[in-house]
């Protein structure tokens with residue numbers, strides 16, 4: 001079932017189908033009634049979070065604590081890219097639709113596993129330079145016979161669900177600016193909702209609604225104010241501008257809506273999560289302080305016209321990349337004897353929030369992971385009580401802060417069980433040394449954080465005791481705001497999305513190559529399968545001819561190298577074994593056991609070079625600004641399967657071979673495009689010098 005991209009614009013591939021599959025209509029006949037009642041459709045997974053409330057809970061219980069040990073692989077399909085895979089599939093009307101890195105969409109017959117079609121939007125690989133955190137895609141949406149996907153280069157595309165042909169597409173961003181799309185669209189009342197990313201690169205955030213039939217723009221809500229000279233779009237933006245100072249609009253402002261959304265059909269409210277400031281360092285974008293609305297906020301909108309209803313800001317004046325774009329879910333909870341309709345979120349800042357869904361009133365907030373930037377959330381004001389030394393706004397006030405910018409909880413979807421009343425959170429304990437960048441200059445082609453990452457790393461290394469990173473699955477009681485149980489994963493950084501079911505189970509993959517079913521009451525692992533890949537995406541579940549199935553997209557930036565889940569490449573389609581895996585009771589399919597072999601390489605001798613401290617420092621600055629996000633801090637790759645460790649690159653042997661890649665784009669088709677427009681005179685050679693120096697320091 002391996003598919004190989006053919007390099008054709010707007011590629012759609014149709015395959016001959018067996019008779020059993022031809023009986024399905026693949027109609028994706030989704031309307032408001034079906035989405036509102038999605039909880040009753042056992043044979044489907046109709047939207048990114050299954051239902052509008054985004055609980056990622058399924059009432060299916062055929063796979064349960066007693067039967068889960070009989071779970072086996074039913075079928076699988078190889079994906080075609082070695083980048084990170086983050087999507088949850090949509091399953092509707094006999095077909096399964098999944099998006100992958102580089103915004104490809106694949107459709108499969110859910111019974112047979114036959115590939116129906118593949119759509120490749122042919123995104124220019126240069127666009128990867130604008131993606132802060134890989135060219136990932138988290139999923140598609142279905143409505144009215146169409147499948148919708150946002151592309152990394154900013155398009156919203158409507159595909160015919162049966163054929164994969166493009167019905168319409170619209171550019172949702174200013175192409176001259178470094179916007180991206182990685183999140184899954186949502187469809188509410190016939191409007192396709194899509195946000196975008198790019199705050200690190202200096203853009204202004206917004207969410208847009210498009211008519212699902214025509215692709216015409218219905219409304220747009222900006223999350224931060226723009227240039228006052230251009231006039232504000234609404235009274236809400238005028239009021240928001242009062243919480244900013246300086247000339248923030250020249251720096252973009254940030255506030256991108258790159259992931260979380262939820263919808264309450266009874267209240268008729270759309271909830272969006274808003275991201276970090278641009279730059280991160282508030283002293284640069286808003287020198288006299290201020291709350292900087294609507295950064296790091298949950299905002300409720302009228303889905304008909306995008307008008308503001310209420311907001312709650314998790315981090316006023318955010319300065320640590322503490323986004324509130326993490327999973328938003330709705331639920332009914334009994335609190336102090338009353339049933340309350342609530343919004344729940346565990347954003348990056350480390351606190352778990354419970355809000356009234358109708359008006360945004362803060363009900364409770366407690367930290368679900370260790371934090372040191374605030375002591376607590378004041379329930380009277382709704383504001384955090386900050387630790388003064390956590391703000392690093394001048395270089396003479398550096399700070400080691402936890403959580404760091406990876407967040408206590410990042411994009412990985414959490415889940416809520418209607419049986420236990422618990423929320424299952426993929427938690428990451430991490431930290432960062434924040435040091436203000438005194439030489440900050442806006443870079444139109446690079447990161448604009450206002451943070452000196454190199455000095456921050458040195459700050460951490462100078463400590464007598466360095467904190468440790470950890471990845472956990474935590475069961476959290478949202479009523480009592482207490483941890484119930486935890487599972488410690490074997491690898492520090494990184495986590496994966498979660499699914500809860502009425503079978504008394506919680507499913508989650510791991511970066512160490514496992515797919516695990518846990519007892520939802522105790523956290524005991526009841527079943528494990530080794531999937532030959534790291535896992536980031538959340539699973540889905542549905543029935544096929546009355547039998548419950550599970551679907552999981554696997555593939556993380558690095559293959560697991562230790563423990564029983566350790567793996568080597570087993571497919572030429574993707575070096576990180578990216579695959580769609582489908583499970584059922586009694587499944588007997590097997591993943592390939594033989595690794596893909598490569599020709600042995602001769603031993604590599606690290607070059608020697610004489611260089612001044614000034615040239616090495618220039619290279620370190622250039623590396624940190626342009627290379628570190630992919631290739632790792634201090635030149636040490638943490639994801640060598642996807643992003644090579646440059647200290648081992650034969651390309652650094654000569655200035656010419658290095659420049660052929662860095663400046664001339666010789667490896668552009670593999671995603672390593674030219675950085676000629678990003679680097680100043682001599683920067684490429686300075687970076688090569690820095691890498692050679694690091695190789696000699698760390699590998700000899």
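The values are calculated or read from the model by the stated rules, or taken from the named source; none is laboratory data. Since this is a predicted model, take the numbers as computed values, not measurements. Glycine gets a Cβ as well: all are built from the backbone with ideal geometry, and neighbour counts include every protein chain shown.
Values computed for the structure shown
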| item | result |
| --- | --- |
| Some residue of the stretch 215-229 being free of Cβ contacts under 8 Å to residues at least 12 places away in the same chain and out of contact with any strand residue (DSSP E or B) (no Cβ under 8 Å at 6 or more places or on another chain) | yes |
| Every pair of residues 6+ apart whose Cβ atoms lie under 8 Å, when the first sits in the stretch 417-442 and is at positive phi and at pLDDT 95 or above while the second is surrounded by fewer than 22 Cβ atoms within 10 Å (Cβ to Cβ) and in a strand (DSSP E or B) | 421/333; 421/477 |
| Any hit, the stretch 554-567, residues being crowded, with 24+ Cβ neighbours inside 10 Å and in a strand (DSSP E or B) | yes |
| Number of the exception - residue 32 against (1) farther than 25 Å from residue 259 by Cβ; (2) exposed (fewer than 14 other Cβ atoms within 10 Å of the Cβ); (3) at pLDDT 95 or above | (1) |
| Residue match in the stretch 234-248 (condition: in a loop (DSSP other than H, G, I, E, B), in contact with a strand residue (DSSP E or B) (Cβ under 7 Å, 6 or more places away or on another chain) and surrounded by 24 or more Cβ atoms within 10 Å (Cβ to Cβ)) | no |
| Matching option when the condition is crowded, with 22+ Cβ neighbours inside 10 Å, without any contact (Cβ under 8 Å) to a residue 60 or more places away in the chain and not in a loop (DSSP other than H, G, I, E, B), among 96, 156 | 156 |
| Residue among 78, 69, 53 that alone is at pLDDT 95 or above and surrounded by fewer than 18 Cβ atoms within 10 Å (Cβ to Cβ) | 69 |
| The listed residue being over 18 Å from the mean Cα position of the chain (by Cα) and modelled with pLDDT under 95, out of 475, 470 | 470 |
| Unique residue being at pLDDT 80 or above, closer than 28 Å to residue 450 by Cβ and either in contact with a strand residue (DSSP E or B) (Cβ under 7 Å, 6 or more places away or on another chain) or assigned to a helix (DSSP H, G or I) (or both) when the list is 692, 687, 616 | 687 |
| Residue check for residue 149: in contact with a helix residue (DSSP H, G or I) (Cβ under 8 Å, 6 or more places away or on another chain), closer than 29 Å to residue 673 by Cβ, outside any loop (DSSP other than H, G, I, E, B) and at pLDDT 95 or above | yes |
| Any hit, the stretch 67-81, residues being in contact with a helix residue (DSSP H, G or I) (Cβ under 7 Å, 6 or more places away or on another chain), in a loop (DSSP other than H, G, I, E, B) and touching a residue at least 12 places away in the same chain (Cβ under 8 Å) | yes |
| Candidates 266, 259, 291, filtered to the one that is in a loop (DSSP other than H, G, I, E, B), farther than 28 Å from residue 394 by Cα and in contact with a strand residue (DSSP E or B) (Cβ under 7 Å, 6 or more places away or on another chain) | 259 |
| Output for the stretch 450-475, where each listed residue is farther than 16 Å from residue 620 by Cβ, crowded, with 21+ Cβ neighbours inside 10 Å and touching a residue at least 60 places away in the same chain (Cβ under 8 Å) | 450, 474 |
| Residues of the stretch 307-319 classified as in contact with a strand residue (DSSP E or B) (Cβ under 6 Å, 6 or more places away or on another chain), surrounded by fewer than 21 Cβ atoms within 10 Å (Cβ to Cβ) and farther than 17 Å from residue 343 by Cβ, total | 0 |
| Residue that is farthest from the chain's Cα centre (by Cα) [pool: residues in the stretch 359-394 that are more than 22 Å from residue 451 (Cα to Cα), without any contact (Cβ under 8 Å) to a residue 24 or more places away in the chain and not in a strand (DSSP E or B)] | 380 |
| Search result, residues across the stretch 462-480 that are more than 19 Å from residue 418 (Cβ to Cβ) and assigned to a loop (DSSP other than H, G, I, E, B) | 462, 463, 464, 465, 466, 467, 468, 469 |
| Out of 201, 210, sole residue that is in contact (Cβ under 8 Å) with a residue 60 or more places away in the chain, crowded, with 23+ Cβ neighbours inside 10 Å and more than 24 Å from residue 82 (Cα to Cα) | 201 |
| Residue satisfying all of: in the stretch 634-663; out of contact with any helix residue (DSSP H, G or I) (no Cβ under 8 Å at 6 or more places or on another chain) and modelled with pLDDT of 80 or more; surrounded by the most Cβ atoms within 10 Å (Cβ to Cβ) among these | 654 |
| Residue list for the stretch 165-180, restricted to those being surrounded by 21 or more Cβ atoms within 10 Å (Cβ to Cβ), in a loop (DSSP other than H, G, I, E, B), in contact (Cβ under 8 Å) with a residue 40 or more places away in the chain and in contact with a strand residue (DSSP E or B) (Cβ under 8 Å, 6 or more places away or on another chain) | 179 |
| Where residue 114 falls short, out of the listed (1) touching a helix residue (DSSP H, G or I) at 6+ places or on another chain (Cβ under 9 Å); (2) at pLDDT 95 or above; (3) farther than 21 Å from residue 547 by Cα; (4) surrounded by fewer than 21 Cβ atoms within 10 Å (Cβ to Cβ) | (3) |
